[in-house]
Structure formats: structure tokens, C-alpha cells
Amino acid sequence: MHVRCALTVFVFVQMVGCNLHPIQGLDEAIEAVRVERVAGGGSNKIDILFVIDDSNSMVEEQQLLTENFQLFLDGLTAAGADLHIAVVTTDTKSSNAGVFRSGPGLSELADDFCAGPPPALADCDVGTSVLKSDAYTDENGVLDIESFSRDFACIATVGNCGHFVEAGLDAMQLGLDPERAQVADFIRDDAVLAVVFVTDEDDCSTGAGRPLQENRECFVTRRDELVAVEQYRDFLIEDVKGGFGSAVIVGAIIAPTPPGYQWAEGVLSCTATTVAGVSGTAGQRYNELIRLFGGRGVEGSICEGDFSSVLRQISNEIGRNIDVNCLTENIPTCTQASDCSNGAECVPVFLTDEVPIEATPDKFVCSDFELSIEVKNLGEEDFTVWTGNGPAGDTLRDEYTTPEGAQFEVVYYADRTGSCPNSGVGFRFLERPSPTADVRALYPVSFDDD
């Protein structure tokens, strides 16, 4: 049966109430109203944790990361991001497990094997475990990207003397444990959190269980002892960001998983063709975490030999949280203008920015799409309905005049300059709510009755 109902969704927590009655033909989709909390209230604050593999095969990969970091930084600073950046390693067996780094790690290249950092960074110490863009910004608001990138290279060159059984998910949880003092200086309640994993091996996290000592235990004999990846997702959303799933982004530079892949000792899933020494074993558990975050997860291959592409993808996804808030669910679609009401157009939208501009649109939506934004400030009992400026897609923007007092605008991705996974539609605040405000978006969604 097809029904129309009110569907209220708060990220990962749903309460559904419906009046059951047929409203349309059997070949049409169900429509409902989604109520979606918007985290951050338009904040430009981004907290980024890099979890970097420090095992003995990671020298070249760390160099690729630090060499391309400025590209990553460029996109975020152009969007006006207020950044906090910290680094931990995948080694959870050392006494420094989960501790934010303030300098380089131990290296086999040191004069005394694994007794110090690589010689080129012997005197490197940034004096802090959290890099903050404010500290690198002058009185004119200009960020010193060169100094920021130099200090990131210092803490992100984590060495290659860590344990060879990597546990990146446990390291992330240790680093972000709310009970640790370092977290108070890093995590901001009104910021988006991004976690970026850089590793050439899969995750072997056992939580509080008995740690693994060799790779075969992780992939074969004790695989069932690994903590379920869903628990790390829940930790990020519930424990770190207070239930706001939309305030978490996960990225990973890992080895891809080929079709039919099965682990075997010494068998690699990818090898770089342009950079010697870069290869990897499928990061299946990291990939699983990425998929759990849907459009807020970004993955790239560690074997590309150039991290610029994936770092740009991750920074673009983070940057969208500064400018455009994406609607996360499918919205009603159209095939021609006659499907829309009141003379509205049938506007093309794209869900990703990874294919050529001349490609066929992913779908079409009506330009009279209705989106409501409601805001409740701290101490207030009721939500206030904000004023929108209506459609603002690329095909309409030149013709549309923003009314006086508009507080947000709808954004249709009519080309490949940006994306909103699932919907292809988002909104941009013209007037930012208070960072402490409770903000929610209400809009129609559609889904098949399968």
C-alpha cells in the first residue's frame, strides 16, 4: 500500500507516525516530510584528526602526504575554514598510543636506528599538539600557508618504527577519548569533525581485548576478535559529536579492495607505478567505515602515487560544510516541466563532482522545491521559521532576485562544480545562526515502496 505520512528524522534516531491512507497510483513513490537537524549552525570551524600509519613501509607515503598538504589546505582556507589539526599514529602498543604529536616520530633513517627522527627533521618541534589556523593568521586575516604546511610536515612525519600490526580505529578512539585532556584543546562543540586515515594495511583493532601480535592473527586466526566497525562509527557520532552524524566526515587514503580479494601473507592488493616503495594491502575495515558514512565518506587509493586528488576530494567535502548544507535524502524528481507546478522548471542536478561536466545529469528536480529552515536559539522554547529566497540553481540564479531579509538560499547543483550526495540539493545561509542554535531543515522526500 502507498501512504502519505509525516516522517521525523533526527540523525540516526527516527520516530515515525503515519495516518495510513492511499493517495496515489501503485507505480508512484511515497512522499513524506523529513525533519533534519543541521549541525554547527553554519559554523566555519573544522577539527581534523589525521591517523597516520607509522610502520616500516610508510616512509614514501608520509612524504606524499606532507608534499600535497598545501593543496588540501588551499581549498579549506579559500572557504574561510577555522582549522584545528592533530595527528596520531596507528601504533596502539606504544606508551604514546593515541597521544597527539608535537614533533616527528622515530625513524630507521636516524643516525642511531629508530632512536630519533629522520636527520632532516632532527630539530623539528612545533611546540604544540594542535595546529590552529588562528595562530598562523596575521592581523589582516591572511593565513601563512607555508608555515602551517611546514609544521604539519613536522608532526605528520610520524616515522616508520611503529608496530607492524596497525590499529587505526583504536588509535582514533584513543586520541578522541573525551576523558583525555588533549581533546578539550582540539574538539569544539560547534565544529565539524573530520577524521582522515592514511595507511597501507587494514585495521586490526581489538579495543580493550588482547592485542594482536602478527598479521595472520588479524586476517585469519583471530579475525573474529576485531571490534565491529559500527562501534567506531557510533563513538564518533554519539560520544564525540553528541549525536550529530552530519557533523562527522571520514576520509581514508588506503589500498583498494579488488573484486574477490582474500588476504594472503605477502600478497598486495595494489602497487604504485610512479613512486617506488608505495604499495598496500586492502583496507577493508576502513572502507567499511567510509560506507557507513555514505556521502560524508571519501576514499582514495594509496597507490595512486600522488595524493593530490584524494586530498582535494576530502577538502572539498569538508568545505561544503562551511558553505552549503547538503540535504541528505532523495527528494521528489521530475522528467519534464509539466511534472512541476506553478510554472516551475525541471532542473538538472548532479550527485557527485567526479565525472566530466558534459555528462548526463543524475536526475531532475522541480525548481519550486520547498525547503523550510527553523531555528531555535539557546533559552528559547519555540522554533522560528527563517525566510528563504527560493530556488537558486545555476539555470535560475541570473533571473532570481534575492528578496530583502532572506536568511538562506536553496542551491541546485546544475553542473559539476560541487555536489550533494543523494539529493543534489542543498542550502546556503545568507545570515548565520548562532553556533549554539538548534537548526533544522524540513523538506519533502520520496522513496519507492519496495
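The values are calculated or read from the model by the stated rules, or taken from the named source; none is laboratory data. This is a predicted model, so every value here is computed, not measured. Quick reminder, even Gly has a Cβ in these numbers, built from the backbone with ideal geometry, and neighbours come from all protein chains shown.
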Of the conditions (1) hydrophobic (A, V, I, L, M, F, W, C); (2) buried (at least 22 other Cβ atoms within 10 Å of the Cβ); (3) touching a strand residue (DSSP E or B) at 6+ places or on another chain (Cβ under 6 Å); (4) not in a loop (DSSP other than H, G, I, E, B), Leu311 clears all except one; give me its number. (3)
Could you say whether any residue in region 173-187 is assigned to a loop (DSSP other than H, G, I, E, B), without any contact (Cβ under 8 Å) to a residue 12 or more places away in the chain and more than 22 Å from Phe72 (Cα to Cα)? yes
Only one of these is hydroxyl-bearing (Ser, Thr, Tyr), modelled with pLDDT of 80 or more and within 29 Å of Gly75 (Cα to Cα): Ser372, Ser269, Ser308. Name it. Ser308
Residue count, region 190-248 (criterion: touching a residue at least 60 places away in the same chain (Cβ under 8 Å) and polar (S, T, N, Q)): 3
Region 74-99, residues that are surrounded by fewer than 23 Cβ atoms within 10 Å (Cβ to Cβ) and part of a helix (DSSP H, G or I): Asp74, Gly75, Thr77, Ala78
Since Ile253 meets every condition but one in (1) at pLDDT below 90; (2) touching a Leu at 6+ places or on another chain (Cβ under 9 Å), which condition does it not meet? (1)
Please verify whether Gly207 is at pLDDT below 95, surrounded by fewer than 21 Cβ atoms within 10 Å (Cβ to Cβ) and closer than 30 Å to Cys270 by Cα, treating the condition exactly as stated. yes
Single condition Glu358 does not satisfy, out of (1) on the phi < 0 side of the Ramachandran plot; (2) modelled with pLDDT of 80 or more: (2)
The correct count of residues that are under 15 Å from Ile145 (Cβ atoms) and in contact with a helix residue (DSSP H, G or I) (Cβ under 6 Å, 6 or more places away or on another chain) in region 83-125 is 1
Kindly establish whether Arg416 is at pLDDT 60 or above, assigned to a loop (DSSP other than H, G, I, E, B) and not aromatic (Phe, Trp, Tyr). no
Identify all residues within region 255-274 that are within 27 Å of the chain's Cα centre (by Cα) and either within 26 Å of Arg233 (Cα to Cα) or in contact (Cβ under 8 Å) with a residue 40 or more places away in the chain (or both); write none if there are none. Ala255, Pro256, Thr257, Pro258, Pro259, Tyr261, Ser269
Residue in region 134-144 that is under 17 Å from Ser94 (Cβ atoms), surrounded by fewer than 22 Cβ atoms within 10 Å (Cβ to Cβ) and within 24 Å of the chain's Cα centre (by Cα) present: no
Pick from region 281-308 the residues that are of a type in the set (Ser, Thr, Tyr) and outside any helix (DSSP H, G or I): which of them is surrounded by the most Cβ atoms within 10 Å (Cβ to Cβ)? Thr281
Here the qualifying pairs (Cβ atoms under 6 Å; residues six or more apart or on different chains; first in region 292-308 and closer than 15 Å to Leu193 by Cα; second in a helix (DSSP H, G or I)) come out as Gly297/Ile290; Val298/Gln313; Val298/Ile314; Val298/Glu317
Evaluate the following for Leu49: is it surrounded by 18 or more Cβ atoms within 10 Å (Cβ to Cβ), assigned by TED's automatic domain parsing to the domain that holds Asp170 and at pLDDT 90 or above? yes
Restricting to region 98-140, and then to whatever is without any contact (Cβ under 8 Å) to a residue 40 or more places away in the chain and among the charged types (D, E, K, R), can you tell me which residue is nearest to Cys154 (Cα to Cα)? Asp125
For the subset of region 156-172 comprising residues that are assigned to a helix (DSSP H, G or I) and out of contact with any Phe, Trp or Tyr (no Cβ under 8 Å at 6 or more places or on another chain), which member is farthest from Gly116 (Cα to Cα)? Asp170
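Yes or no, residue by residue, for (1) under 18 Å from Ile249 (Cα atoms); (2) buried (at least 23 other Cβ atoms within 10 Å of the Cβ); (3) touching a Leu at 6+ places or on another chain (Cβ under 8 Å):
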| site | (1), (2), (3) |
| --- | --- |
| Leu176 | yes, yes, yes |
| Ile187 | yes, no, yes |
| Asp190 | yes, no, no |
| Leu193 | yes, yes, yes |
| Val196 | yes, yes, yes |
| Glu201 | no, yes, no |
| Glu217 | no, no, no |
| Val227 | no, no, yes |
| Tyr232 | yes, yes, yes |
Quick check on my filter: what residues within region 188-200 are assigned to a loop (DSSP other than H, G, I, E, B) and over 26 Å from Arg210 (Cα atoms)? Arg188, Asp189, Asp190, Ala191
Which pairs do you get when a residue that is over 17 Å from Leu371 (Cα atoms), found in region 423-437, comes within reach of a residue that is in a strand (DSSP E or B) and modelled with pLDDT of 80 or more, reach meaning Cβ atoms under 9 angstrom, with the pair 6+ apart or on two chains? Ser434/Val375; Pro435/Lys45; Ala437/Val375; Ala437/Lys376
For Ala252, the lone unmet condition from (1) outside any helix (DSSP H, G or I); (2) within 30 Å of Gly305 (Cα to Cα); (3) aliphatic (A, V, I, L, M); (4) out of contact with any helix residue (DSSP H, G or I) (no Cβ under 8 Å at 6 or more places or on another chain) is (4)
